[in-house]
Amino acid sequence: MTSDQESAVLAKHHAMSASHCTLHAGLVCLNLPTGSGRDGQIQYFRTALEYIGNPGDLVNKALEVDPSPENVEQLVIRIYDFPGDTV
């Protein structure tokens, strides 16, 4: 194998490896009840922002803001890895 062929094989290998790595800035989901107005959207968004301490805190993660099942006036925050599995 020539050095050019070897370089081509290595480049292909690195490209395939890189395609399996997922990196994203994060996802924020505001799961408001149906019919919520602008004030509700602002409240959910502010709550989400309170949980994001640093710009990199959500890298490859998702943050969801939901109404509490017991009391729609209270909010539930969930942060988890996203995507949950890698290819």
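Can you list residue pairs whose Cβ atoms sit under 6 Å apart, with the first residue in region 24-42 being free of Cβ contacts under 8 Å to residues at least 60 places away in the same chain and under 15 Å from residue 65 (Cβ atoms) and the second being aliphatic (A, V, I, L, M) and assigned to a helix (DSSP H, G or I)? Count only pairs 6 or more apart in sequence or on different chains.
Pairs found: 28/48.
Could you please find all residues in region 28-48 being of a type in the set (A, V, I, L, M, F, W, C), exposed (fewer than 15 other Cβ atoms within 10 Å of the Cβ) and under 16 Å from residue 80 (Cα atoms)?
Residue satisfying the conditions is 29 alone.
Just so you know, all these numbers are worked out from the coordinates, no wet-lab data involved. The shown structure was predicted, so the numbers you read here are calculated from the model rather than taken from an experiment. Positions of Cβ are backbone-derived with ideal geometry, glycine not excepted, and every protein chain shown enters the neighbour counts.
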